[in-house]
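**Student:** Quick one: this structure, given as structure tokens, is what I'll be asking you about.
The values are calculated or read from the model by the stated rules, or taken from the named source; none is laboratory data. This is a predicted model, so every value here is computed, not measured. So basically every Cβ, Gly included, is an ideal-geometry build from the backbone, and we count neighbours across all protein chains shown.
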Amino acid sequence: MAHAYTPGLKVTDFIKIRKERRLPLSGEVIVKVGEIVKPEQIVAKTSLPGNVKPLNVAGLLGCLPAEIDEFMKKKPKDPVKKNEVIAETKGIFGAFKSSVRSPIDGTIESISNITGQIILREPPQPVEVDAYIQGKVVEIIENEGVIIEAEVALIQGIFGIGGEKRGIIKNIASSPTDIIDERMIKESFKDKILAGGSLVTEGAIRKAMKLGIKGIITGGIEDTTIKNILGHDIGVAITGSENIPTTVIVTEGFGKMQMAEKTFNLLKSLENKEASINGATQIRAGVIRPEVIVAAHKKQSIKKSALLEEGLKKGMMVRIIREPEFGSIGFVEELPVNLENIETESKVRVLVVKLKNGKKLRLPRANVEIIED
């Protein structure tokens, strides 16, 4: 029987993953295949060309453009320091000289005796890519980056803001229903990743950012909180590039959403361990999930997951990913074979989900995702 593809949301204490670490432009890979790398270790590097700054030397010296070669003290490709004299007239009997000083540190890019301008270029900006996770380099992408393989505990969230961070996990909620508010955020949590609860308040996030806390992982968040923190609506674009000091990862949905027991218990078991987190999220084509990754501390036999290959089955745990029950978790109770009409007058395959509160919902299969073990 055919079935709808249902994306999986992974919450597991052991899985083998691969991470691609790539430079934004061609550069140098500085590790080798088979090398064991740490999260903070640089695996590839390059340099972005510095910004250019034009300077009208002829105008500043009061000479003709064709004459500037005579007065230049520097040639193309020569380095210059800020405030260093780079062009100067001879003056009258050695006096009344006019000079031009460099406004930046950098190099002389070019000199034009047609326009009378020179082009200065600022120093190149180094760009480095770290490993992000602890693992083994299994492939080199020539002049661009590497692929790292690792055995980890992995928690995927449903939404996040903020980029890659690393820190020690600290659980601050006594139950999955707790609200993380400003009173729970303490100075001693600096550089930590805080976890737990059903909602994080705007005050808690602002205090965490002020204290240098690396991340917050919680069940839910109000959309108004995100807007107030960022100063704009998220829209449908990918997140993760926000320039904020504290990455926020939401595991369940918007509003007060009790963190799934499985997620809450896994985070408790990972307390005091170093985690790599990333809030980058893309819900549409090319799904990207916010994630929490911790190096695995136990060996297990890895069984191939058949969840996505086999599709939905009765008894599977799923999360609803469309309104009005967005973020709710339940179990598959029925999988009708025949297509059924929905509000849009389309015919689709549906399922019946029983929520934890006993409520049953009949909805399109595309409106749920499997929570993978």
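**Student:** Suppose the filter is out of contact with any Pro (no Cβ under 7 Å at 6 or more places or on another chain) and farther than 30 Å from Glu222 by Cα; does Val127 pass it?
**Tutor:** When the stated conditions are applied, Val127 does not pass them.
**Student:** Then there's this: Being in contact with a strand residue (DSSP E or B) (Cβ under 7 Å, 6 or more places away or on another chain) and at positive phi is the filter; apply it to the stretch 310-369 and report the residue that is surrounded by the most Cβ atoms within 10 Å (Cβ to Cβ).
**Tutor:** Of everything passing the filter in the stretch 310-369, Gly327 is surrounded by the most Cβ atoms within 10 Å (Cβ to Cβ).
**Student:** For Val152, which of the numbered conditions (1) surrounded by fewer than 16 Cβ atoms within 10 Å (Cβ to Cβ); (2) within 30 Å of Asn367 (Cβ to Cβ) fails to hold?
**Tutor:** Unmet condition: (1).
To keep it simple, each residue is scored yes or no on (1) in the same structural domain as Glu261 (by TED's automatic domain parsing); (2) touching a residue at least 60 places away in the same chain (Cβ under 8 Å); (3) closer than 30 Å to Ala44 by Cα.
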residue: Glu139; (1), (2), (3): yes, yes, yes
residue: Gly145; (1), (2), (3): yes, yes, yes
residue: Val152; (1), (2), (3): yes, yes, yes
residue: Gly163; (1), (2), (3): yes, yes, yes
residue: Lys170; (1), (2), (3): yes, yes, no
residue: Leu199; (1), (2), (3): yes, no, no
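**Student:** Shifting gears a bit: Just to be sure I understand, how many residues within the stretch 70-88 are part of a helix (DSSP H, G or I) and touching a residue at least 24 places away in the same chain (Cβ under 8 Å)?
**Tutor:** So the answer is 0.
**Student:** Tell me, please, whether a residue that is modelled with pLDDT under 95, small (Gly, Ala, Ser), closer than 22 Å to Phe14 by Cα and surrounded by 19 or more Cβ atoms within 10 Å (Cβ to Cβ) can be found in the stretch 155-167.
**Tutor:** yes
**Student:** While we're on this one: Out of the residues in the stretch 319-338 that are assigned to a strand (DSSP E or B) and modelled with pLDDT of 85 or more, which is nearest to Thr263 (Cα to Cα)?
**Tutor:** Per the criteria, the residue is Gly330.
**Student:** Among what's in the stretch 83-111 and is buried (at least 16 other Cβ atoms within 10 Å of the Cβ) and small (Gly, Ala, Ser), pick the residue that is nearest to Ile147 (Cα to Cα).
**Tutor:** Gly106
**Student:** Moving on. Can you tell me which residue is nearest to Val292 (Cα to Cα) among those in the stretch 43-67 that are surrounded by fewer than 14 Cβ atoms within 10 Å (Cβ to Cβ) and touching a strand residue (DSSP E or B) at 6+ places or on another chain (Cβ under 6 Å)?
**Tutor:** Leu48
Matching residues to (1) surrounded by fewer than 21 Cβ atoms within 10 Å (Cβ to Cβ); (2) modelled with pLDDT under 95; (3) acidic (Asp, Glu):
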site	(1), (2), (3)
Pro176	no, yes, no
Ser241	yes, yes, no
Val248	no, no, no
Glu261	yes, yes, yes
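**Student:** Then there's this: Can you tell me how many residues in the stretch 205-244 are in contact (Cβ under 8 Å) with a residue 12 or more places away in the chain, within 21 Å of Glu164 (Cα to Cα), polar (S, T, N, Q) and outside any strand (DSSP E or B)?
**Tutor:** Of the residues in the stretch 205-244, 3 are in contact (Cβ under 8 Å) with a residue 12 or more places away in the chain, within 21 Å of Glu164 (Cα to Cα), polar (S, T, N, Q) and outside any strand (DSSP E or B).
**Student:** Has the stretch 245-266 got any residue that is within 28 Å of Lys19 (Cα to Cα), among the polar types (S, T, N, Q) and part of a helix (DSSP H, G or I)?
**Tutor:** Yes, there is a match, as at least one residue in the stretch 245-266 is within 28 Å of Lys19 (Cα to Cα), among the polar types (S, T, N, Q) and part of a helix (DSSP H, G or I).
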